[in-house]
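Working notes for the structure below.
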2 protein chains.
Amino acid sequence: MIFVISRIIIENVKPILNDGEKSIKRICGETVRVSADIFSHGHETVKARIAYKHESRDEWRHSEMKGMGNDTWEGSFTVSMKGTYIYTVEAWSDTFTLWLNNIAKWKEAGENIAPDLLEGILLIREKCHPRAENEIAELEKLLEKLENGEFKDPLDEISRPLIYGIITKNWAKDDFVSYEKELTVEAVEKARIFRSWYEMFPRSQGTKPNVSGTFRDCINRLPDIADMGFDLIYLTPIHPIGITNRRGKNGSKKCEKGDPGSPWAIGNEKGGHKSINPDLGTMDDFLEFVNKARGFGIDIAMDIAFQCSPDHPYVKEHPEWFRRRIDGSIRYAENPPKRYYDIYPLDFDTRDKEGLWNELKSIFIFWAEKGIRVFRVDNPHTKPFDFWEWILKEVKREFPDTVFLAEAFTRPKVMYELSKIGFTLSYSYFTWRNFNYEIMEYFREIESYPISEHFWPVLFTNTPDILTENLRVNGRPAFIYRAFLAATLSPSWGIYSGYELCENAGIEGTEEYLNSEKYEIKVRDWNSTGNIKGFISSLNGARRENPVFSHFGNTTFLETGNPNIVAYLRTYEDSSALMLVNINPREAHTAYIDLPPESLGIRNFDSYILEDLLTKERMYFHGNKIIITLYPEKRAGMVLVRV
Amino acid sequence: MIFVISRIIIENVKPILNDGEKSIKRICGETVRVSADIFSHGHETVKARIAYKHESRDEWRHSEMKGMGNDTWEGSFTVSMKGTYIYTVEAWSDTFTLWLNNIAKWKEAGENIAPDLLEGILLIREKCHPRAENEIAELEKLLEKLENGEFKDPLDEISRPLIYGIITKNWAKDDFVSYEKELTVEAVEKARIFRSWYEMFPRSQGTKPNVSGTFRDCINRLPDIADMGFDLIYLTPIHPIGITNRRGKNGSKKCEKGDPGSPWAIGNEKGGHKSINPDLGTMDDFLEFVNKARGFGIDIAMDIAFQCSPDHPYVKEHPEWFRRRIDGSIRYAENPPKRYYDIYPLDFDTRDKEGLWNELKSIFIFWAEKGIRVFRVDNPHTKPFDFWEWILKEVKREFPDTVFLAEAFTRPKVMYELSKIGFTLSYSYFTWRNFNYEIMEYFREIESYPISEHFWPVLFTNTPDILTENLRVNGRPAFIYRAFLAATLSPSWGIYSGYELCENAGIEGTEEYLNSEKYEIKVRDWNSTGNIKGFISSLNGARRENPVFSHFGNTTFLETGNPNIVAYLRTYEDSSALMLVNINPREAHTAYIDLPPESLGIRNFDSYILEDLLTKERMYFHGNKIIITLYPEKRAGMVLVRV
């Protein structure tokens, strides 16, 4: 026919990770907004759509894209099922619209459109082939009347909704092109991500000093933990602990009798990564704990640390899995100028790579078969990327719902790489972002494209390795506002036990706890004075009340007129919440906020009520300016929503 | 050996166009700064380099990259020869530095380093194999003494410059990886780009009203054009002009006797794209003109418009190259609601595609063989992208130095695409960017990554189709400052003749010239009162005096405190110039500039002299604040450089 074959260019498709080699991530029910530059030479009329499908389906689905100006096109689709979706962009020349636009212009310019109309009839006959009987009949009727010149205004006839609909629906997609790459998105169920983590040493859940707590003691703790609103308990390693070079109190090289050792020095004659430290109980005890926890709506996460104490069975059974020094001795874990004499790292490039890698995989599988679906992985950045890419894929193939949290505190790009090669969640720098500008800068970074497409942080207030100076020096008020920030800035947040008691005895100049639980058994009064369990409970409650807290991203920081205040709006679809928090642990400060137009779903600011989801306190406002004073402990942070 | 094999990731390599499918551009002598994210797991010590070579060479050259923090690496290489260079990024583990750093830390921590030293000796034996006799000997001497424990401080010995140099130079590149793509850069000689264009209708170079000027008249114009400092004359089409439906004065459909017709209605019984309009002279006359121009340092650019008048020989010889209407007639050029009855477009998708495309190629080749190396291509955006990609490559293969200028005033992304698929230069929106913020916004856009890597604008002040309202309404002062902007913002700038005379009689409400030269022969007094030839000459002179004007990009707009002033620093290597221009054609305005630290090569602003390259006026300054008043015509713009 008469139209030039156009060559449509599809470029700059987003979101895309590493040229399409890596998957972006979404929570089930979320949308993927896709944009692309789409254009052709000349005045061709282009149409475009997203083609997408769940990997388990054969048929592609389509979602229309719209031109947004400057040859940028946008569209979106929703990932409803868990698993991998494939998506790409398709475009074609809309020769019908081109013809219709042109003939309308000729007509308006007073040109003779008779030949153009004849061409149009031929075009329709060539390009439009409905399948439905009634559509075929309607179209035939139209064409006959057009050919017979029966219409006073043929263009009006063609533009009638019925006819126009039939034509556009059935028109051939000329010059059809597909973007050269098929991109992927991994959809994860919300319940796997939207979680409050409680990290604890099972051996410290007992009640007698210097006597190891057991899984039975852990069971006794469940009501308390559930009351605080936690739904995921992460246990430090539960395996037998090495004897050789065991560390004593405060990590001392000198170990006293009765010192229990670091749980990360895994393995002794009682077993390794698939065994349970007999001090904690039996496998049955463990499974009972897991089961009981489930009754409280709590899942159990395990710590996977791929390293061995010198007494681990692997050392004897597979000496070739370890690296050796020149004198033939096994190389200790080291991070110059430190050596860890209670730990042997594994040699991931051992000549028996297949044996080692498969054995490590079998550890995940072993615990997954016992019902564990959340693994916190210790120091993944000290093991090769390709190992993780392999093992995570292997485990997910058998247990697709498994969640892996990367405990990597290392350079940002290494952390981002880990989250691109299969880790579901990641530790973050949140712990060290204390000032107003640091907090804003960090969350702006991780919520910026393309990092936001794959990096999902779990915001921990503290860990057994990290008692920040802020917490150590400022105590309770700092514990309160740091929990507030963690709980409201990510669907996944957590504390390491003791935080609820504002434990802040540390070793000055370090981030170590004094008398760290890593090296001894602790017995705590879980209801000691000054605890913030009620506050934590209200935080976890607020998180369940508003959908903004179960999704990553969509945080907008507001100007506060005061560097001691952090203010941020978070939104998800139609929901929104305004967080105000005083980050000064010593003084009251006042926030001065101008609410952006229509924020919090308020169309006009004449008069409205906001409720603090933490205290249920209601405040009446007039105008978009909000001025609220926040205190160091009481009302340190507010979660304001429109009532 | 004992080191883990690291897996080094090389990502986010820049510059890159379309995933590496398109070439970036550089002028010979310029550098290409390459950056990449390069990292490995753990604490591996990475090294990286750029590998690059001219396509005509077999051997790769290397340029070291440096870590800039946050795992970003940067390096650069220079493209000295014209043609295509290939570049990529390589990285490897520097196991020697890793060992040396670690052992130094052990030593400082007071650990026993004897075994580490032994390992180091083994490492050196395994990884370091010099070829030079003296290096082999030195290394052997070192190793023997190390083994015999002869050194008091072995690390000091190894760190001695001679030894350290031998070791690092000859150390094996462990875990060597290459970026997966080979990227390309097209290097173009400066002389082909750094040009001042003078567009003219040869038929208007005569002296008698209504009598076509000839190439002989064009020869007579050369001293005048050369005096203004132009070094490239671009001729509107010089071919026989169609008779059928020829347009009359001001584009009228009614053609009077004697009307010469639009030169873009190409072809009549005297010939087509390879023929010369006999009114202008013979081929020999043309070649004499080309030759004489060269004597003035002026090259000739031709206009290539792939379209035909109804009288073009192709119409009879190759009727299949044209598109037909339903009534069998050939389809006119059209842009609804307009039809151009004096022009037939070609059907680039004709069934005789091979025949048509090869014939069109032969047009370029025909004129290239006559010595033409610059082609201004008419409306390339109305022809398919793949046609241009093919034909430009074909012509460049035979005549590698050929420069193609895309006359595409269309959507930005289409213009960018054309410049990515082989056009050397492009028309731009400059003509319509009149206000301070418009100018800054536009140049920031085209100088931003990645557009700056390939889009090279020729800044025309006017064209036969574009007499802007600004010029039409404001006259001479506007002509002056627009020329200033064009000449100082790109190595390639140009005027359409008559601009030097400030011709501004236009048709209100359009951008058409009144009595446009497109449809009639003009005879001008080239020295009429009010001409700005002297000013243009000083602009072109200033351009030759400072290297900033012969390179694209590197423009920094400065705050002026006055929207009527545009101020910009341009730099290239060690050169720099400060441009100040008053864009108000009616009033004087004062610029208030704070010179950034060390700009214009001034290390301290105690006392310095700036010279205006246009007037040679010198001004003395103290401090970095510059306050200068600019007038509508006299001193409308200044090119300030440090003396």
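The values are calculated or read from the model by the stated rules, or taken from the named source; none is laboratory data. On a predicted model such as this, the values are computed, not experimentally measured, just so you know. As a convention, Cβ positions derive from the backbone with ideal geometry for all residues, glycine included, and neighbour counts pool all protein chains shown. Surface accessibility is based on the protein's heavy atoms, side chains included, excluding ligands, DNA and RNA. Shrake-Rupley method; radii C 1.70, N 1.55, O 1.52, S 1.80 Å.
For the range A:563-588, residues that are within 16 Å of residue A:481 (Cβ to Cβ) and surrounded by fewer than 18 Cβ atoms within 10 Å (Cβ to Cβ) total 4. The set of residues in the range B:627-643 that are surrounded by 14 or more Cβ atoms within 10 Å (Cβ to Cβ) and under 16 Å from residue B:603 (Cα atoms) comprises B:641, B:642.
Considering only residues of the range B:486-510 that are of a type in the set (A, V, I, L, M) and more than 21 Å from residue B:439 (Cα to Cα), which is least open to solvent (accessible area, probe 1.4 Å)? The extreme case among them is B:501. Of the helices (runs of 4 or more DSSP H) contained entirely in the range A:380-494, those carrying at least 1 residues that are among the small types (Gly, Ala, Ser) and touching a residue at least 24 places away in the same chain (Cβ under 8 Å) fall at A:412-420, A:476-489. Only one of the numbered conditions (1) open to solvent by 30 Å² or more (accessible area, probe 1.4 Å); (2) over 15 Å from residue A:517 (Cβ atoms) is not met by residue A:247, and that is (2). Taking the range B:82-112 only, how many residues are of a type outside the set (S, T, N, Q), in a loop (DSSP other than H, G, I, E, B) and open to solvent by 30 Å² or more (accessible area, probe 1.4 Å)? Number satisfying all stated conditions: 4.
Hey, any hits in the range A:3-10 for a residue that's closer than 22 Å to residue A:552 by Cα and within 14 Å of chain B (Cβ to nearest Cβ)? No, the range A:3-10 contains no residue that is closer than 22 Å to residue A:552 by Cα and within 14 Å of chain B (Cβ to nearest Cβ).
Do you know which residues across the range A:333-351 are open to solvent by 30 Å² or more (accessible area, probe 1.4 Å), in a loop (DSSP other than H, G, I, E, B) and within 11 Å of chain B (Cβ to nearest Cβ)? Of everything in the range A:333-351, those that are open to solvent by 30 Å² or more (accessible area, probe 1.4 Å), in a loop (DSSP other than H, G, I, E, B) and within 11 Å of chain B (Cβ to nearest Cβ) turn out to be A:337, A:349. Among residues of the range A:66-90 that are without any contact (Cβ under 8 Å) to a residue 40 or more places away in the chain, those with a Cβ under 6 angstrom from a residue that is open to solvent by less than 10 Å² (accessible area, probe 1.4 Å) and not small (Gly, Ala, Ser), sequence gap 6+ or separate chain, pair up as A:71/A:39; A:73/A:38; A:73/A:65.
For the range A:385-409, residues that are within 12 Å of chain B (Cβ to nearest Cβ) and either among the hydroxyl-bearing types (Ser, Thr, Tyr) or over 30 Å from residue A:292 (Cβ atoms) (or both) total 7.
Restricted to the range B:362-384, and to residues there that are closer than 30 Å to residue B:191 by Cβ and within 14 Å of chain A (Cβ to nearest Cβ), the residue that is surrounded by the most Cβ atoms within 10 Å (Cβ to Cβ) is B:380. Under the condition of being open to solvent by 30 Å² or more (accessible area, probe 1.4 Å) and part of a helix (DSSP H, G or I), the residues counted in the range B:189-222 number 6. Quick check: is even one residue across the range B:385-393 in contact with a Ser or Thr (Cβ under 7 Å, 6 or more places away or on another chain) and either on the phi > 0 side of the Ramachandran plot or crowded, with 22+ Cβ neighbours inside 10 Å (or both)? Looking for residues that are in contact with a Ser or Thr (Cβ under 7 Å, 6 or more places away or on another chain) and either on the phi > 0 side of the Ramachandran plot or crowded, with 22+ Cβ neighbours inside 10 Å (or both), one finds none in the range B:385-393, hence no. Of everything in the range A:60-76 that is open to solvent by less than 30 Å² (accessible area, probe 1.4 Å) and not in a loop (DSSP other than H, G, I, E, B), the residue that is farthest from the other protein chains (Cβ to nearest Cβ) is A:63.
Could you list all residues from the range A:123-161 that are part of a helix (DSSP H, G or I), surrounded by fewer than 11 Cβ atoms within 10 Å (Cβ to Cβ) and over 50 Å from the mean Cα position of the chain (by Cα)? Answer for the range A:123-161, where residues must be part of a helix (DSSP H, G or I), surrounded by fewer than 11 Cβ atoms within 10 Å (Cβ to Cβ) and over 50 Å from the mean Cα position of the chain (by Cα): just A:156.
Within the range A:394-437, the residues that satisfy the criterion of being open to solvent by 10 Å² or more (accessible area, probe 1.4 Å) and within 14 Å of residue A:459 (Cβ to Cβ) are A:407, A:409, A:429, A:432, A:433, A:434. Every condition in (1) open to solvent by less than 20 Å² (accessible area, probe 1.4 Å); (2) closer than 21 Å to residue B:476 by Cα is met by residue B:595 except one, and the failing one is (2).
On the stretch given as the range A:296-332, residues that are under 32 Å from the mean Cα position of the chain (by Cα) and open to solvent by less than 40 Å² (accessible area, probe 1.4 Å) total 11. The residue pairs whose first member lies in the range B:157-177 and is free of Cβ contacts under 8 Å to residues at least 24 places away in the same chain, whose second member is open to solvent by 30 Å² or more (accessible area, probe 1.4 Å), and whose beta carbons are closer than 7 Å, counting only pairs six or more residues apart or on different chains, are B:157/B:151. Going by what's in this entry, would residue B:50 be described as open to solvent by less than 20 Å² (accessible area, probe 1.4 Å), modelled with pLDDT of 95 or more, away from chain A (no Cβ under 14 Å) and in a strand (DSSP E or B)? So residue B:50 passes the test. If you check B:542, B:577 for being among the aliphatic types (A, V, I, L, M) and assigned by TED's automatic domain parsing to the domain that holds residue B:425, only one passes: B:542.
Checked against the criteria, residue A:79 does not count as more than 10 Å from every other protein chain (Cβ to nearest Cβ), buried (at least 18 other Cβ atoms within 10 Å of the Cβ) and under 21 Å from residue B:414 (Cβ atoms). Criterion applied to B:359, B:354 was being away from chain A (no Cβ under 14 Å) and within 30 Å of the chain's Cα centre (by Cα), and the one residue passing it is B:359.
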